[in-house]
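Heads up: the structure comes next, in structure tokens.
The values are calculated or read from the model by the stated rules, or taken from the named source; none is laboratory data. Here the structure is a predicted model, which means the values were calculated and not measured. Remember, those area values only see protein heavy atoms, side chains included, never the ligands or the DNA or RNA. Shrake-Rupley method; radii C 1.70, N 1.55, O 1.52, S 1.80 Å.
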Amino acid sequence: MSESRALLRRIRAWLVFFIVCLVLSGVTAFPLVTELHLIEDALNGWASPLADAFPGLQEWTERVRTGLDTADERFPFLLYGTDWLAFAHLVIAVAFYGPYRDPVRNIWVIEFGMIACAGIIPLALICGPIRGIPFWWSVIDMSFGVFGIIPLLVVHRMIKRLEALTAPVLSARTLPV
């Protein structure tokens with residue numbers, strides 16, 4: 001197998017990993033009310049040692065679950081916003097099919113993803129306090145950008161190598177005059 005084929009396979013494997021993570025992140029934004037009930041039950045049951053070690057986690061989970069229950073009961077249209085959040089994750093995941101097909105030509109999608117990952121940090125630092133989000137939760141949100149950018153940086157570097165391997169070699173005879 002040639003070096004460029006092996007590189008293409010590794011790029012595609014990383015992209016599949018990234019796409020799957022985006023899809024999972026999106027899909028989990030649909031059933032938030034159910035998820036919060038499950039998390040709260042876990043913190044009161046089998047995960048109680050975790051709740052004991054981090055009492056703020058249980059308090060925050062209860063507050064968020066109460067808010068979601070209230071919104072679901074009295075203002076269900078508010079949860080439509082999280083449906084759009086989920087949809088956005090799924091649409092962004094589809095965009096990464098372009099680099100899967102032709103990484104060199106669609107490297108801009110990788111760069112867009114890296115910018116989006118970097119943008120998570122100021123968003124969390126600015127909007128978190130405005131919305132009353134505990135700082136430790138904002139750190140968790142920021143970690144999505146930090147951990148998300150890692151595979152994109154790896155893929156970006158590999159695409160640049162693939163581009164160098166597959167670029168046409170220009171000789172003095174083929175240079176435009």
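Brief remarks on what is shown
- Angle in degrees between helix 107-130 and the longest Cα principal axis of the chain, rounded to the nearest 10: 20
- Whole-number D in µm² s⁻¹ for region 1-105, Kirkwood Cα-pair radius fed into Stokes-Einstein, 37 °C, 0.692 mPa s: 199
- At q = 0.09, 0.14 Å⁻¹ the log10 of I(q)/I(0) for the chain amounts to -0.46, -0.89, computed by Debye summation with a single uniform scatterer per C-alpha, solvent ignored.
- Helix-only [θ]222 nm of the chain, DSSP H runs n ≥ 4, -39500 (n - 2.57) each, per residue, nearest 500: -27000 deg cm²/dmol
- Annotation: region 98-140 has a Kirkwood hydrodynamic radius of 12.0 angstrom, from the mean reciprocal C-alpha pair distance.
- Distance between region 5-44 and region 81-131 - C-alpha centres, whole angstrom: 14
- Taking the protein heavy atoms of the chain in the context of the full set of protein chains, the accessible area attributed to carbon and sulfur is 69 percent at 1.4 Å.
- Mean accessible surface per residue for region 59-174, computed with a 1.4 Å probe while every protein chain stays in place, in Å²: 67
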